[in-house]
Amino acid sequence: MYPFLELFGRQIPMYGLMACIGALAAGIVGCRLCRKRGLNDNDYIITLLIAAAGVFVGASLLYAITNFRYFPLLFKTRSFEEFWNVLTAIFGGMVFYGGLIGGAVAGLITVKVKKYPAREFLDISAVIIPFFHAFARVGCFLGGCCYGIECEIGFAAHGNPLIQEINDVVRFPVQLLESGMNLVIFAVLLILYRKSLSGKFLYGKLIFFYLIMYSAVRFSDEYLRGDSVRGFLFGLSTSQFISLILIVFSTLALIILRFRNKRGSDDVPSGEEDPGAETSESGE
């Protein structure tokens, strides 16, 4: 593992660096997809920036919720310094699903207030979220967080100052596995996005396909994780419970949308152009 990058005498956390690189790369891809659909990429950038704030808040809040057992310690502190240290420990991490929910809420509010094209932006976001997440998971691997179970096949960290329990223990690189699976999901959704430009069947539904695919991956690879910071209930982790909920929710949403479509409902809202028509004009 390589938790810090030494640059000009300063230590830069690799997780933060990889997350920033991922955000930049995903933003570039998102803007490119916007232009292919004839949308204003500046509007999408604004939505992404506000959603990013929601990601940070949501990820920190869910991390704190998983550490609810430590909240009573706040009332036992004897100084502001002790109080701050406990508070930092409770809110000092991030959970992806919390960030996903927080970002979705912030993004949808922005789209609603600004009257941006909601379903188009959701389709694009469904494509770029796993692309960003692939970079972030590499950052997890380098930083040592979200580490895997003890395994004969894997990697061992030495002298990691942040996460002592990973030092000198060979662990399965579950972070790299999830990073690779996110790239596969990205590739699949990119293909589906291109297909959605020439027809109505996939239009506005890609976010549900993403949630099903990623939730299935996350539910499975949780068994390969060796950290218990996310919290467990009835033998399942917090993330596994959320994964099951998202799979059921997204599957029902697709069934309902399909049923409406069979009854003759038009997937394209009135007053909006058929995405296929835009594509034909642009030559895609």
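Would you list the membrane-span-like helices of the chain, meaning whole DSSP H runs whose alpha-carbon atoms span at least 27 Å along their axis and whose mean Kyte-Doolittle value is at least -1.0? Both cut-offs are met by 14-36, 41-66, 118-143, 174-196, 238-262. The alpha carbons of the stretch 1-68 stretch over 42, 38, 18 Å along the principal axes, in descending order. Note on residue 162 and residue 108: their simple-model spin labels are 3.1 nm apart, each label 7 Å out from Cα toward Cβ. Stretched out straight at 0.36 nm per residue, the stretch from residue 87 to residue 241 would grow longer than its current Cα-Cα span by 52.9 nm. Calculated from the alpha-carbon coordinates, the chain shows an Rg and a Dmax of 20.8, 68 Å respectively. Distance from the alpha carbon centroid of the stretch 187-238 to that of the stretch 98-177 works out to 12 angstrom. Here r is the Cβ-Cβ distance between residue 259 and residue 220 and R0 is 35 Å; the resulting FRET efficiency, rounded to 0.05, is 0.75. Panel note: the C-alpha atoms of the stretch 143-268, placed on their principal axes, show extents of 61, 33, 23 Å (largest first).
Residue order for 150, 222, 178, 81, fewest other beta carbons within 10 angstrom first, comes to 81, 150, 222, 178. Exposed loop sites, defined as trypsin sites (Lys or Arg not before Pro) outside DSSP H, G, I, E and B with at most 12 other Cβ atoms within 10 Å, are absent from the longest region of the chain, namely 116-262. In terms of surrounding Cβ atoms within a 10 Å radius of their Cβ, 31, 151 rank from fewest to most as 151, 31. For the pair residue 195 and residue 251, label points projected 7 Å from Cα toward Cβ lie 2.0 nm apart. Sorted into 5 angstrom bins from 0, the C-alpha pair distances of the stretch 124-169 split as 5, 20, 25, 18, 12, 10, 6, 4, 0 percent. Sorted fewest first by neighbouring Cβ atoms within 10 angstrom, 185, 101 come out as 101, 185. Taking the inverse of the mean 1/r over every pair of distinct Cα atoms in the stretch 79-187 gives a Kirkwood hydrodynamic radius of 16.6 Å.
Coordinate-derived values only; no laboratory data. The structure presented is a predicted model; accordingly, all values stated were derived computationally and were not measured. Quick reminder, even Gly has a Cβ in these numbers, built from the backbone with ideal geometry, and neighbours come from all protein chains shown.
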